[in-house]
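The values are calculated or read from the model by the stated rules, or taken from the named source; none is laboratory data. Keep in mind that this is a model prediction, so the values were computed, not measured. Cβ atoms come from the backbone with ideal geometry, glycine included; neighbour counts cover every protein chain shown. Calculation scope for accessible area: heavy atoms of the full protein, side chains included, ligands and nucleic acids excluded. Shrake-Rupley method; radii C 1.70, N 1.55, O 1.52, S 1.80 Å.
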Amino acid sequence: EPEVTQTPSHQVTQMGQEVILRCVPISNHLYFYWYRQILGQKVEFLVSFYNNEISEKSEIFDDQFSVERPDGSNFTLKIRSTKLEDSAMYFCASGQVYEQYFGPGTRLTVT
Amino acid sequence: AQTVTQSQPEMSVQEAETVTLSCTYDTSESDYYLFWYKQPPSRQMILVIRQEAYKQQNATENRFSVNFQKAAKSFSLKISDSQLGDAAMYFCAYRKRYGGATNKLIFGTGTLLAIQP
């Protein structure tokens, strides 16, 4: 069964550094999403992406964040200058009409 | 704004018994979807079941079923014949239908389910 994959599984970075989190959505899906989950808190929406543009973004998704679908298969989330509070598990999801299917997540630790 | 509330942070059930996880939500929309996701210790969220708000019939997937009460804005998950592999964090989620598949999921805070052998 097709799955959403994410790399790396764990990323440690220093405050102020740029990070790129990578996702490979399920191949025939058209809608893509990023969510994050700070330890012990609920899963929060960051951004949705369709037809090569952002459809919706949350308040969290400020100018430090960007998304890209560079080659028709990968879907990336870039954080330009990481802050301590960006430490979280980041989940990519993809979907068609109804459900969203989640990847295993990337644990980002900002030191 | 839509909200999802799960009032049971933790629950425990004996193996082979039945457990019900509660979820309430608030929305002014009339058409939407509700979901239950399971997040095992490996952390990947897995879709358990989906309910369309316009359907009166409660969704069922094998041992998992829901009790959808639209007027009460309640959406509980019943797990029958609980198995050790059911141990996980369970999230209730809402997505409005109008606007299409780009709409975000709004999650509750989760219920951690333990299965006692």
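Miscellaneous remarks
- DSSP assigns beta bridges within the range B:3-116; of those with both partners inside it, close to 85 percent run antiparallel.
- Rounded accessible area of residue B:19 (nearest 10 Å², 1.4 Å probe): 10
- For the protein assembly as shown: Kirkwood Rh in Å [reciprocal of mean 1/r, alpha carbons]: 18.2
- Relative contact order, whole percent, for the range A:5-110 stands at 38, derived from Cα pairs under 8 Å and 6 or more residues apart.
- Around the Cα centre of the protein assembly as shown, unit charges on the Cβ atoms of Lys, Arg, Asp and Glu (plus for the first two, minus for the last two) sum to a dipole of about 160 debye.
- Summed buried accessible area for A+B [probe radius 1.4 Å, Å², rounded to 100]: 2000
- Here the contact order of the range B:49-117, divided by its residue count and restricted to Cα pairs under 8 Å and six or more residues apart, works out to 23 percent.
- log₁₀ of I(q)/I(0) at q = 0.09, 0.10, 0.12, 0.14 Å⁻¹ - chain A, Debye sum with one point per alpha carbon: -0.20, -0.25, -0.36, -0.50
- Taking B:73, B:78, B:38 and ordering them by how much accessible surface each has at a 1.4 Å probe, largest first, produces B:78, B:73, B:38.
- Relative contact order of the range B:3-116: 38 percent, from C-alpha pairs under 8 Å at least 6 residues apart in sequence.
- Residue-level accessible surface for residue B:11, protein heavy atoms, 1.4 Å, Å²: 50
- For the range A:74-94 and the range A:1-60, distance of Cα centres in Å: 6
- Top of B:33, B:54, B:94 by mean-square fluctuation, Gaussian network on chain B, Cα under 10 Å: B:54
- Accessible surface of residue B:18 - all protein chains present, 1.4 Å probe, nearest 10 Å²: 80
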